[in-house]
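What follows is a short report on a single structure.
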Amino acid sequence: MAPKAASKKTPIGGKHNAKASLAAKSALKGVNSKKARKVRLTTTFHRPKTLQLSRSPKYPRKSVPHEPRLDHHKVLINPLNTESAMKKIEENNTLVFVCDVKSNKRQIKEALKTLYNVDVVKINTLVRPDGSKKAYCRLTADVDALDIAATKLNIV
């Protein structure tokens, strides 16, 4: 039997393949005709920074904010009236207090200002061997520590 005459071959995919090649050609026209590959100069890849939106929570995580942990009454626990403390009051115009261990000098100064209405020149603190903090509060010259101890603290 004789071979059949060569028939017109259709490309694989038919019309669709032709459409795809037309689309590829049109995409390369204009600005996109010369696509250059990005030259990478380092061996490590750093992920590009993306937009980081600030948080906008749907509800507060704490229902009620807590009170200040160290208010003025918690900072100053009690005045000290030992013999050495009384000597400091009389000679150095200094009041001696037992304070909260977590309180700092600024908080102690603020507590003295609000509770006893006295100005402080300087404060020296130390942590005693039993774990409590002691504060030596030197008062200004216009205020007498003996007077404050007698009237407001009731220790003399």
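The values are calculated or read from the model by the stated rules, or taken from the named source; none is laboratory data. As the structure is a computational prediction, the values presented were derived from the model and not from experiment. Note that we place each Cβ from the backbone using ideal geometry, even for glycine, and neighbour counts take in every protein chain shown. The accessibility values were calculated without ligands, DNA or RNA, using every heavy atom of the protein model including side chains. Shrake-Rupley method; radii C 1.70, N 1.55, O 1.52, S 1.80 Å.
Estimated at the nearest 10 Å², the accessible area of Leu126 is 70 Å² with a 1.4 Å probe. Between Ile77 and Thr140, the FRET efficiency estimated from the beta carbon spacing at R0 = 25 angstrom works out to 0.60. Legend: residues Glu110, Glu67, sorted from most to least accessible area (1.4 Å probe; ligands, DNA and RNA excluded), read Glu67, Glu110.
As a length-normalised measure over Cα pairs under 8 Å and 6 or more apart, the relative contact order of the chain settles at 17 percent.
Among the trypsin sites (Lys or Arg not before Pro) found in region 86-150, those both in a DSSP coil and sparsely packed, with 14 or fewer other Cβ atoms within 10 Å of their Cβ, are Lys102.
Taking the Cα atoms of the chain, the ratio Rg/Rh between the radius of gyration and the Kirkwood radius comes to 1.76.
Take the cross-link list Lys87/Lys152; Lys102/Lys152; Lys87/Lys122; Lys113/Lys133 and give me the ones stretching past 23 Å between alpha-carbons. Violating the 23 Å limit, Cα to Cα: Lys102/Lys152.
About the Cα centre of region 38-156, how large is the charge dipole given +1 on each Lys and Arg Cβ and -1 on each Asp and Glu Cβ? Please answer in debye to the nearest 20.
Computed charge dipole of region 38-156: roughly 1640 debye.
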